[in-house]
């Protein structure tokens, strides 16, 4: 498992001393300390740009960025560099005495709230959490999505439904996809239903629906769709197939199946294709991971699928897409057998559990 990456940024001598303590307490994380040259100690990294430009350069490189400086400095530094809550890192601020750990940005999706609690506990400091649902001991839609391994289809809708939860309105959770709820403690005003047919008219102010469907059902009340990231796509392609072609093929395939593009969990392929630029681009576009299946494992199951002598000549295997998807989905259900499209072969798989 990859370690969570933290950047610790400071602008003073006292801050450097505290940064060293923070890094020591986070020995289970990958920590890099950044400061100005005149304050730098051994193994610290120096930056010579202004603080706003520096934050811009690291925003997409770390899971958590911790500023040991005044909150106002951090606010001004990150403001021009913010993208969206679904992609911004968690931002923390610590005073130079180390008394308070403030969750400043991306408290839920970026993990800043949990990071602040963790660091405060290890530093014997006070975590400062201001997100409304945390203050009330409730749950935001984005937190629920994370616990269910889902992504949010519409963040505006998520904000509206979160407001209902925060205001103690009755909200229904229609778990159409049977997402795992063990260990998830729902707020008292969030009621679990199996299907939308169980919705009683006038009883609920909002709906949260887990669904992989491309089209969300229309409800008479505010609603948000949580899309489970379950699908595995087995993929093979000719060498140097452009990323835009692969992306277009994937989009067309899921449209045909009436499945939301956000439900892609992984692309599975063989070692020969692990550095294929087009597959890399598709993984980035669909925010999916890449799974490499060893040739020996493909050979064990390839007899289940139609093979190709041409594929064998180029890869040493009789099939790529279907065996890879089958294995990467933990021998799941095939939603679409291999589909050939201009040098691209795709198959679509859904894990049984």
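We did not get these values from a lab; they are worked out from the coordinates using the rules stated. For clarity, every value in this text was computed on a predicted model and none was experimentally measured. Because the Cβ atoms are built from the backbone with ideal geometry, glycine has one as well, and the counts that use them run over all protein chains shown.
Counted residue by residue at 0.36 nm each, then reduced by the alpha carbon distance between them, the extension gain from residue 57 to residue 130 reaches 23.6 nm.
For the options 37, 191, 281, a Gaussian network treatment of the chain with springs between C-alpha atoms closer than 10 Å singles out 37 as fluctuating the most. Note on residue 220 and residue 194: with the Förster distance fixed at 25 Å, the Cβ-Cβ geometry gives a FRET efficiency of about 0.80.
Given R₀ = 41 Å, FRET efficiency for residue 159-residue 122 by Cβ-Cβ distance, to 0.05?
Values: r = 32 Å, r/R0 = 0.78.
Working from the Cβ atoms, E equals 0.80.
The DSSP beta bridges internal to the chain are antiparallel in roughly 35% of cases.
Its alpha carbons considered, the range 205-255 gives a radius of gyration followed by a Dmax of 16.0, 52 Å.
Give, as ranges by residue number, the residues of the range 310-332 whose backbone N falls under 15 Å from the point 7 Å along Cα→Cβ of residue 300. Those under the cut-off are 323-332.
Share of antiparallel DSSP beta bridges in the range 231-350, in percent to the nearest 5?
On the way: 12 of 21 bridges.
Approximately 55 percent, going by the DSSP bridge assignments.
Each DSSP beta bridge with both residues in the range 5-130 is either parallel or antiparallel, and the antiparallel ones are about 15%. Label zone of residue 312 (point 7 Å out along Cα→Cβ, amide N under 18 Å): in the range 320-338 this covers 320-324.
What is the gain in length, in nm to one decimal, between residue 178 and residue 37 on full extension, counting 0.36 nm per residue of separation less the C-alpha to C-alpha distance?
45.4 nm
Find the Cα radius of gyration of the range 141-228, compare it with 2.2 N^0.38 Å by division, and give the number to two decimals.
Against the compact-globule rule of thumb, the ratio is 0.96.
Taking only Cα atoms of the chain, what ratio of Rg to Rh do you get with Rh as the Kirkwood inverse-distance radius? Display every interim value, and only then the final one.
Values: Rg = 23.5 Å, Rh = 22.8 Å.
Expressed as Rg/Rh, it is 1.03.
On a 0 to 90 degree scale, rounded to 10, what angle separates helix 243-256 from the longest Cα axis of the chain? Its long axis makes an angle of about 70 degrees.
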